[in-house]
Amino acid sequence: MVGILVLGGLGWLTFYTAATSIPVVSVVAPWLIPAYLVAAVTLALIRTTTRFGSGLLIAIGAWFVIGAGLCAALIAGVGR
C-alpha cells in the first residue's frame with residue numbers, strides 16, 4: 001500500500017513539474033523513481049527489512065497493472 005501511494009505521488013510530481021516548469025523540482029523529479037527502485041532493492045536485500053523491500057518491489061508491478069487498466073478504461077470510454 002505504501003509503495004503504490006509513493007509511486008502515485010512520484011508520478012504526479014513528475015507530470016506536475018513537467019507542466020509547470022519549476023526549475024529545481026523538474027531536475028530532481030525524474031531521479032526520484034530510480035531512487036525508489038534502488039531503495040526498494042536495497043531494503044529487499046537487507047535481512048531485517050526484506051518483507052518491506054519486497055512489498056515495494058511488488059508495488060511497482062501493481063502500479064503497471066493499475067496503470068494499464070486505467071489506460072484501457074480511458075481508451076474504451078473515448079470510443080463510445
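The values are calculated or read from the model by the stated rules, or taken from the named source; none is laboratory data. Keep in mind the model is a prediction, meaning the values are calculated, not measured. Don't worry about glycine lacking a Cβ; one is built from the backbone with ideal geometry, like all the others, and counts go over all protein chains shown. These area figures cover heavy atoms from the full protein model, side chains too; ligands, DNA and RNA do not enter into them. Shrake-Rupley method; radii C 1.70, N 1.55, O 1.52, S 1.80 Å.
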Any hit, segment 16-29, residues being among the β-branched types (Val, Ile, Thr), open to solvent by 70 Å² or more (accessible area, probe 1.4 Å), touching a residue at least 60 places away in the same chain (Cβ under 8 Å) and in a helix (DSSP H, G or I): no
Test: residue in segment 21-35 that is modelled with pLDDT of 85 or more and under 14 Å from the mean Cα position of the chain (by Cα): yes
Residue match in segment 64-80 (condition: surrounded by 10 or more Cβ atoms within 10 Å (Cβ to Cβ) and either touching a residue at least 40 places away in the same chain (Cβ under 8 Å) or touching a His at 6+ places or on another chain (Cβ under 7 Å) (or both)): yes
Search result, residues across segment 6-56 that are closer than 19 Å to residue 67 by Cα and not aliphatic (A, V, I, L, M): 8, 9, 11, 12, 14, 15, 16, 30, 34, 36, 55
Selection count where residues are surrounded by fewer than 14 Cβ atoms within 10 Å (Cβ to Cβ) and more than 21 Å from residue 52 (Cβ to Cβ), scope segment 2-15: 2
